[in-house]
1. Quick check on segment 55-101: what are the equivalent-ellipsoid semi-axes from the Cα gyration tensor, as sqrt(5λ), descending, whole Å?
2. Determine the calculated [θ] at 222 nm for the chain from helices alone, applying -39500 (n - 2.57) to every DSSP H run no shorter than 4 residues and normalising by the residue count; nearest 500 deg cm²/dmol.
3. I need two numbers for the chain: Rg to one decimal and Dmax as a whole number, Cα atoms only, in Å.
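Derivation of every value follows stated rules applied to the coordinates shown; laboratory data play no part. Just so it is clear, the model here is predicted, and its values are computed rather than measured.
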Amino acid sequence: MSASVFESTSEGIIITGANNRTLSVNKALEGLTGYRADEIVGKNPKMFASKRHPDSFYRKMWETLHAIGHWQGEIWNRKKTGEEYLVRTYISTVKTGANVTNYIGLLTDITEANQVMEKMEHMAHHDFLTGLPNRSLLEDRLRQAAARAARNKSRLAVISEDRPILHQ
């Protein structure tokens, strides 16, 4: 039954040894990355890494993984084609006694959902027809500028022919 779940789930699964060399992947991971299993097995999963995250991101991920036994977050990876994609990732450690024997990663492609959220955010702050920033975006930027001025103990002036936009 475990093998059936491993192969039939829609999430990509990657299992590595303690040395972080890939031991096994499922079909969903092959579909997600564009690599065949024989191209992945024996290699370090960093082969999927995009250049979007600094080394400090991965250091923090490994620190958390070693400290509490699991880590979850979003990671930008790169497919075999070079295309970048965003995955929701959950990594857990498998231990025998005090020793880590394996790492198991579950990856779900959230690129499309992320694009939808970005589009909705853009639509909320830009005119539908012209694409120009709207009043909501102006109010947001004015609030940010007012907060920055307050923090820096400086002044902020806005000249407008219209009714007041921001009340403080």
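1. 25, 12, 9
2. Numbers: 6 runs with 64 residues, N = 168.
Dividing the helical sum by the residues of the chain leaves -11500 deg cm²/dmol.
3. 22.8, 71
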